[in-house]
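First up is the structure itself, then whatever we jot down about it.
The values are calculated or read from the model by the stated rules, or taken from the named source; none is laboratory data. All figures in this text were calculated on a predicted structure; none of them were measured in a lab. Methodologically, a virtual Cβ is constructed for each residue, glycine included, from the backbone with ideal geometry; neighbour enumeration extends over all protein chains shown.
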Amino acid sequence: MPPDLSSPASPPPGPELSVRELLLHSWAGRLFILSAAVKLVLAILRQAVAEGPVMEAFSTAAAIGLVISVGYFLWRLFTQMKRRLLWRVRRKLILSYIFIGVVPALLIIAFFMLGAWVVSMNVSTYLFSDGYEEVVSYASLTATAAASEIARAPASAPETLTRVHRAASDMYGALSIVFVPTTAGVPEGTAGPWNHALEPPDDLPEWIISASEGFAGTIAPPAPDGGDAELVVRAVAAVATSTRRLGYVVVDVPVDREVLDRLYSATGVRAGTVRIGGNRNGLEAAALQDRPPDADRFALFGRGVTILDARDWLTGQVRPANISNTYAIGELYQKLSGAQAAHLQGGTVGQAILYVLVLVAVLFLIIQCVALIMGLALARSITSSIHELFMGTEGVRHGDFTHRIDIKSNDQLGALASSFNQMIGSIENLLQTAAEKKRLEEELRIARQIQMSLLPRGPLEMPGLAVTALCVPAREVGGDYYDFFPLADDRLGLLIADVSGKGTSAALYMAELKGLVLSLSQIYQSPRQLLLEVNRIIAENLDTRSFITMTYALIDMRAGTMTYARAGHTPLIYLRNSAVPGGEVQVLVPNGMVLGLQFPGASEKFAELLEEDRLTLGVGDVIALYTDGISEAMNSNSDLFGDARLGRLIEEHGHLETGELRERILREIESFVGTADQHDDMTMVLLKVESIAAGAVGV
């Protein structure tokens, strides 16, 4: 019965531990218990004895252990929550959409709000500074006007001050004027209330006298005991004729509530508190006016600071005066937009711009909400398809190959669902194919065992002749074959062949060839006659696409000869008397055509081309028979090992024993090929004549 897959999928089980197991079977739990126990013991000991350095060290170590263990528990809790919450793809998609769509929008909003805060704070500072400079300029103009009139009529200085004060006090009621004469005979005079922190000066400090252009700025008088400090706008203008300097006019405008109200009315910025920076010993703080009830409430907008240069009257030292400001964004915008002279129907240009900004913000908000809803809907559609795929894979995992996914969309996910349906529809066929492949592999293994059983077993023992061979198939079952046939009268039949193709068919042709040569070698003493008969018989049974290359040699140890014939096979390499240095190999290539060809006149052509040659053997002679897998071994650059390289190896190392010579050639081939794959079987037979004498043959 197919498994019930209707229940919602849950996260796969993980290594979750209970609280008891976490405390008793984890290093963090044991550390937590030990640290808590140490803390408890120390708390009890503190009630009885005074805490010493040892107890303090133990307490610190326990605290560190508690921090480490609790940190581990929190990390473990975080990973568990993450695994449970983010296991479903839908939650991951929603979270990724929030990170991609919502978080950048919030960051953009935060950036613009920060920019608006910076701009509004700087604008408020600029407006307040500009208004404050107007107060300074007004005091300077008043001092300059009074100085000009006194210069024309020095004797009437008191009356001039009274008249100038009467005209100037209409703007600032607390404005005060004093004339400080520096020449005898010129009367001094004052006008105004002079009820602020600075008294009318009797003389001027040196830094004022040395200034040729007078002074206009802010003075920070010292705060009286128990009182509040304040700022005073002071302007000093020199009274001089063409011949001499008569004195100085000093105009004071205390920065009181009246001045601040005028500044607020003109700029929309209200001054709060002032901090006057002195030396490093401290700060003097004073309230310019009453603080609003919500002055300490945090607000992103509505707060600013203006920094003015305040001087000490006696020394001229400049200290910063930091004036905190409060403002309303709407009032600032009205002040700025009010500079536009043009008006639209129903409002100003500034109001129109504000309406457009609000409209754009609303549109952006609507678009963001619509995008969020569409993103969530899209995520749901994607995760629904993924959930269907998950349920299908769960069915396959439980062995249900009948489950199919409903295709609800004509998109890539729908195509994926269709592909999944086709996949699970063909899984059973794939399983059958896998079983069939396993069966074939088993058959190939058996065929490999058959092939290896066809090759000679054990070393060949023949007096006066050393023989060694190797066969390295490229696949499970190769097409190369060699064999030895001991014959009467100290003779040996030697066969090496290469069946075209690989696999089981090549092994079967090898078995057939072994039986033929084994039987015919007892009848025919001539290698040529034997190959003619083999070709006649095997051509009738060989596949039309297959053929066999073969070399057959007959070695007569009594006569000291080797008679051989070659049917399209690779050459033979012959080295005479390898014990003599400097000998050169001979490449023996008698004519001959491959076995088993089936075309009209093939047998006649085979008989016409086939040649038989004979060698007279001597002590130390080396003979190598091999297949094309040796000479055509290929490296990664597609270079061939070649007959010439093999011949040089035999020339250089022919004096070695046949086993050592075989291993030397094999190592050279492996070094030449390197990491390249073996593309053909490698088979080689090496013979070395040790003596020419009669002897019995045995295997």
Exercise for the section: Please name all residue pairs, on different chains or six or more residues apart, with Cβ atoms under 6 Å, provided the first residue is in segment 259-271 and is more than 16 Å from ASN322 (Cβ to Cβ) and the second residue is surrounded by fewer than 24 Cβ atoms within 10 Å (Cβ to Cβ) and acidic (Asp, Glu). Expected result: GLY268/GLU331
Exercise for the section: For ALA474, state whether it is assigned by TED's automatic domain parsing to the domain that holds GLY560, assigned to a loop (DSSP other than H, G, I, E, B) and either touching a His at 6+ places or on another chain (Cβ under 8 Å) or of a type in the set (Lys, Arg) (or both). Expected result: yes
Handout entry: Residue list for segment 113-128, filter: of a type in the set (S, T, N, Q) and surrounded by 18 or more Cβ atoms within 10 Å (Cβ to Cβ)
Key = SER120, SER124, THR125
Exercise for the section: Exactly one condition in (1) modelled with pLDDT under 95; (2) more than 60 Å from the chain's Cα centre (by Cα); (3) crowded, with 18+ Cβ neighbours inside 10 Å; (4) hydrophobic (A, V, I, L, M, F, W, C) is not met by VAL251; state its number. Expected result: (1)
Practice task
Please go through segment 241-274 and pick out each residue that is more than 30 Å from SER337 (Cα to Cα) and among the polar types (S, T, N, Q).
Solution key: THR241, SER242, THR243
Handout entry: Filter result (modelled with pLDDT of 85 or more and in contact with a helix residue (DSSP H, G or I) (Cβ under 7 Å, 6 or more places away or on another chain)) within segment 481-511
Key = TYR481, ASP483, PHE485, LEU495, ALA497, ASP498, VAL499
Handout entry: Residues located in segment 526-567, provided they are in contact with a helix residue (DSSP H, G or I) (Cβ under 6 Å, 6 or more places away or on another chain) and either of a type in the set (Phe, Trp, Tyr) or not assigned by TED's automatic domain parsing to the domain that holds ALA497 (or both)
Key = TYR552, TYR564
Practice task
Consider ILE669 carefully, then state whether it is among the β-branched types (Val, Ile, Thr), at pLDDT 90 or above and out of contact with any Phe, Trp or Tyr (no Cβ under 8 Å at 6 or more places or on another chain).
Solution key: no
Handout entry: Within segment 387-405, considering residues that are of a type in the set (A, V, I, L, M, F, W, C) and within 18 Å of SER426 (Cβ to Cβ), the one modelled with the lowest pLDDT
Key = PHE401
Practice task
State whether the residues of segment 553-571 include one that is modelled with pLDDT under 90 and of a type in the set (S, T, N, Q).
Solution key: no
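Taking the condition of a type in the set (Val, Ile, Thr), farther than 29 Å from ILE100 by Cβ and free of Cβ contacts under 8 Å to residues at least 60 places away in the same chain, does VAL362 pass? Can you show your working first?
On the way: of a type in the set (Val, Ile, Thr): yes; farther than 29 Å from ILE100 by Cβ: no; free of Cβ contacts under 8 Å to residues at least 60 places away in the same chain: yes.
Judged against the criteria, VAL362 is not a match.
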Problem - Pairs, first closer than 18 Å to ASP556 by Cβ and in the same structural domain as THR544 (by TED's automatic domain parsing) in segment 591-620, second among the aromatic types (Phe, Trp, Tyr) and surrounded by 18 or more Cβ atoms within 10 Å (Cβ to Cβ), C-beta under 7 Å, six or more apart - result: ASP613/TYR564; LEU615/TYR574
Problem - Residue among SER385, SER426 that alone is farther than 30 Å from ARG662 by Cβ, of a type outside the set (D, E, K, R) and loosely packed, with under 14 Cβ neighbours inside 10 Å - result: SER426
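Of these, VAL103, VAL118, VAL123, VAL136, which one is within 29 Å of ARG244 (Cβ to Cβ), out of contact with any Cys (no Cβ under 6 Å at 6 or more places or on another chain) and outside the structural domain of LEU357 (by TED's automatic domain parsing)?
Numbers: VAL103 fails: within 29 Å of ARG244 (Cβ to Cβ); VAL118 fails: within 29 Å of ARG244 (Cβ to Cβ); VAL123 fails: within 29 Å of ARG244 (Cβ to Cβ).
Unique residue meeting the criteria: VAL136.
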Practice task
Tell me which residues, restricted to segment 593-609, are outside any helix (DSSP H, G or I) and either among the polar types (S, T, N, Q) or in contact with a helix residue (DSSP H, G or I) (Cβ under 6 Å, 6 or more places away or on another chain) (or both).
Solution key: MET593, LEU595, GLY596, GLN598
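Consider THR144 carefully, then state whether it is touching a residue at least 40 places away in the same chain (Cβ under 8 Å), outside any loop (DSSP other than H, G, I, E, B) and either closer than 11 Å to ALA235 by Cβ or not aliphatic (A, V, I, L, M) (or both).
Numbers: touching a residue at least 40 places away in the same chain (Cβ under 8 Å): yes; outside any loop (DSSP other than H, G, I, E, B): yes; either closer than 11 Å to ALA235 by Cβ or not aliphatic (A, V, I, L, M) (or both): yes.
The answer is yes for THR144.
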Practice task
State which residue pairs qualify: first residue assigned to a helix (DSSP H, G or I) and inside segment 148-160, second residue of a type in the set (S, T, N, Q) in any location, beta carbons under 7 Å apart, and separation of 6 or more residues or different chains.
Solution key: GLU149/THR160; ILE150/THR160; ALA151/THR241
Fill in the blank from the handout: Residues of segment 571-592 being in contact with an Asp or Glu (Cβ under 8 Å, 6 or more places away or on another chain) and part of a strand (DSSP E or B), in sequence order, are ILE573, TYR574, LEU575, VAL585, VAL587, LEU588
Exercise for the section: Kindly list, by first and then second residue, each pair from a residue in segment 449-470 that is in a loop (DSSP other than H, G, I, E, B) to a residue that is of a type in the set (Phe, Trp, Tyr) and surrounded by 14 or more Cβ atoms within 10 Å (Cβ to Cβ), limited to pairs with Cβ atoms under 8 Å and residues at least 6 apart or on different chains. Expected result: LEU455/TYR481; LEU455/TYR482; PRO456/TYR482; PRO456/PHE484; LEU460/PHE484
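May I ask you to say which residue of ALA488, ALA507 is of a type in the set (A, V, I, L, M), surrounded by fewer than 22 Cβ atoms within 10 Å (Cβ to Cβ) and farther than 23 Å from LEU609 by Cα? Break it down into steps so the answer makes sense when it comes.
Details: ALA507 fails: surrounded by fewer than 22 Cβ atoms within 10 Å (Cβ to Cβ).
After applying the criteria, what remains is ALA488.
Out of everything in segment 52-71 that is among the hydroxyl-bearing types (Ser, Thr, Tyr) and touching a helix residue (DSSP H, G or I) at 6+ places or on another chain (Cβ under 9 Å), what residue ends up being surrounded by the most Cβ atoms within 10 Å (Cβ to Cβ)?
Filtering segment 52-71 for residues among the hydroxyl-bearing types (Ser, Thr, Tyr) gives 59-60, 69.
The next check asks that each one be touching a helix residue (DSSP H, G or I) at 6+ places or on another chain (Cβ under 9 Å); those that pass are 59, 69.
Numbers: SER59: 16, SER69: 22.
Per the stated criteria, the residue is SER69.
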